[in-house]
Amino acid sequence: MEKTKNSNSAGGNFFTNLFSSIFKSANPEIEKKRRLKAIVKSFSKTKYHSFYKPSTYEVQPQFAKLFYDLYKICAPAQAVFKANPNAGLFKHQIINYSLSEKQTSLLESLSMEAIQELSRTMDLDAINDKVEEYLINFQNEFTPERVTKIENLYKSFVAFRDFCSYDYYMLIKRFAPGLVENNFDAVPEFRKSNAEFIADDLKDFIAVAYSITDNRIAWSDLFDFLKVSRGSELVPQGTWKKIIAKISSIQSSQAFDLMLRHILSSPDYIPEVRETQEQIVDPYVTQIEEEAHNVLKKMNKAQKESKASSICMQIFGSVDIQNLKYYTPELNPALDRKNLKFFTLTEPLNFLKTFLLEYVKKDIREFFDVIVIRGQWDSTLSAPVSEAYQDLLKLSDQITEFDNSISVDDGTIGHKIKTLLPKTAHDSGAENIINRLIDDANNQAKSFITTGTKKLITIGKTLKQLIEDYMKPQPVIVQNWKELERYLEKPMKEFGVTIYKKIYLFVQLMQQYLAN
């Protein structure tokens, strides 16, 4: 008999469901009303049915009282988070709180002051190696277990912060217009409110409230952190447990979900729950690395600038070394303000142009005219230095021509940049063209510097051989040194050595820029 009853019941349900589905598709509005009516019925069976009156779409004072109680409890924490809106501050506090003793010590060693202090006893290469060693050891201390614990602690902090920072005040004011913010001297009298006015507020609350009911969250870890970092729990841990229990009860009853479905006339509405997916350990480690590397870069730059300044003084002395008119840093601020590329090799190219004018066309020319042209030596040995010298003379003219092309008035490159600059605000094509022009100019400048340096190296190597040959009792390269001496006003050896030193220093200077 039991089997027969179950069979008949199954058959009856089958035809009932079939009949319902046919009329559901034919009458969607009727089906929607039926489902909303079922939602009202389900809501009436929850222990929170007094929060909302579906027949009049009114949210009741009891609902407001719940939020007022939460507001009163969360107000101290809310004040802290409002006063410290920078999320990065708490991220760093959470990670620093979770570091091992070794990491804390390494972090001190990676500070700008500590790295700069190393320069008292180490050269820059050794400092670079030491800093890299510190960084590797610091990162290795972030074991998978430590990283997981930090990330979970941050997630619990975000859930706690978002719940406490919810705008309870604005929601409660819909029920008590005279409510004064953060004044809890007396419980206000709450009145009913049109449900339509609180629907969005309720959506926002569910988004942050349901996230705190995750039973995987180790709240004790968070409250330990708050005690250490803030000096208090912000919300008493026992009270927080009661809040979680209350929200869990509401969530399991689906009271707020049912309210929203009815208020929005949307039977299928599913509230969104906010949950952070942000990872904080990797960005933190990256930041520590970048900060340390930036300190090293600044130290390296300062060292290079100091060395370059010293070399420049040895080469040029007090000579005015500004010989370029247009390929200069003056246009860079206007380009930088628009986040465009800018001229990067103005300084070394200007040094090259000055060296070509002050030394290649003067001292080196004088030496060349005597030794290469009048000297009696194998043309296979003199040809490379002769070619290098002629190329340097041509290079000087090419740099001048290039420099003129950067003129914003009539230069082929500069005028285009000047014309396109005003268009960059609304035309990405203009930005691309300017950046390409700048790249081309910088590449051309680098080509000049590279070529000039190579030619000077060729001359310098040959010059060193000539000086050594001159000092020999029986020269083997130049056969008529004695004859050549009378064409120079300066002593041959001293003159040659001075030129060689200038070339050597200048090549050193250029190689600093080419190495970047």
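Numbers below:
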read-out	value
Share of carbon and sulfur in the accessible heavy-atom surface of region 413-492 [1.4 Å probe, %]	52
Charge dipole (debye, nearest 20) of region 231-273; +1 at Cβ of Lys and Arg, -1 at Cβ of Asp and Glu	220
Cβ-placed point charges (K, R +1; D, E -1), dipole of the chain about Cα centre in debye, nearest 20	2180
In nm, spacing of pseudo-spin labels at Lys464 and Arg486 (7 Å Cα→C-beta vector)	3.3
Residue-count net charge about Thr400 - beta-carbon cut-off 10 Å; Lys, Arg +1, Asp, Glu -1	-1
15 Å Cα-Cα reach of Lys501 towards aspartates and glutamates, excluding residues that sit fewer than 8 places from it in its own chain	Glu358, Asp363, Glu468
Net lengthening on full extension, Ala126/Asp224 (0.36 nm per residue, minus Cα-Cα)	31.2 nm
Entries of Lys102/Lys297; Lys82/Lys102; Lys297/Lys464; Lys130/Lys155; Lys361/Lys482; Lys45/Lys227 with Cα pairs more than 32 Å apart	Lys82/Lys102; Lys297/Lys464; Lys130/Lys155; Lys45/Lys227
For the chain, accessible area per residue (1.4 Å probe, heavy atoms of protein chains only), Å²	56
Lone cysteines, the chain (no partner Cβ under 4.7 Å)	Cys312
Farthest toward positive dipole pole in the chain [+1 Lys/Arg, -1 Asp/Glu at C-beta], among Phe51, Leu171, Asn432	Phe51
Three-way shape call for region 79-149 based on the alpha-carbon gyration tensor, with the a/c threshold at 1.5	oblate
(1) 1.69; (2) 1.18; (3) 1.39, with the label sought being that of the calculated Cα Rg over 2.2 N^0.38 Å	(1)
Per-residue SASA entry for Ile39, accessible area with 1.4 Å probe, Å² rounded to 10	10
Set of lysines with alpha-carbon distance to Lys418 below 24 Å, sequence-local pairs under 8 removed	Lys325, Lys338, Lys341, Lys446
Charge dipole of region 319-407 about the Cα centre (unit charges at C-beta), most positive-ward option of Tyr359, Val372, Asn323	Asn323
Size of electric dipole in region 115-225: Cβ of Lys, Arg +1 and of Asp, Glu -1, about Cα centre, debye, nearest 20	640
Selection from Ile95, Phe138, Gln474 lying farthest towards where the dipole of the chain points positive, charges on Cβ	Ile95
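The values are calculated or read from the model by the stated rules, or taken from the named source; none is laboratory data. On a predicted model such as this, the values are computed, not experimentally measured, just so you know. Glycine gets a Cβ as well: all are built from the backbone with ideal geometry, and neighbour counts include every protein chain shown. We work out accessible area using only protein heavy atoms, side chains counted, and drop any ligands, DNA or RNA first. Shrake-Rupley method; radii C 1.70, N 1.55, O 1.52, S 1.80 Å.
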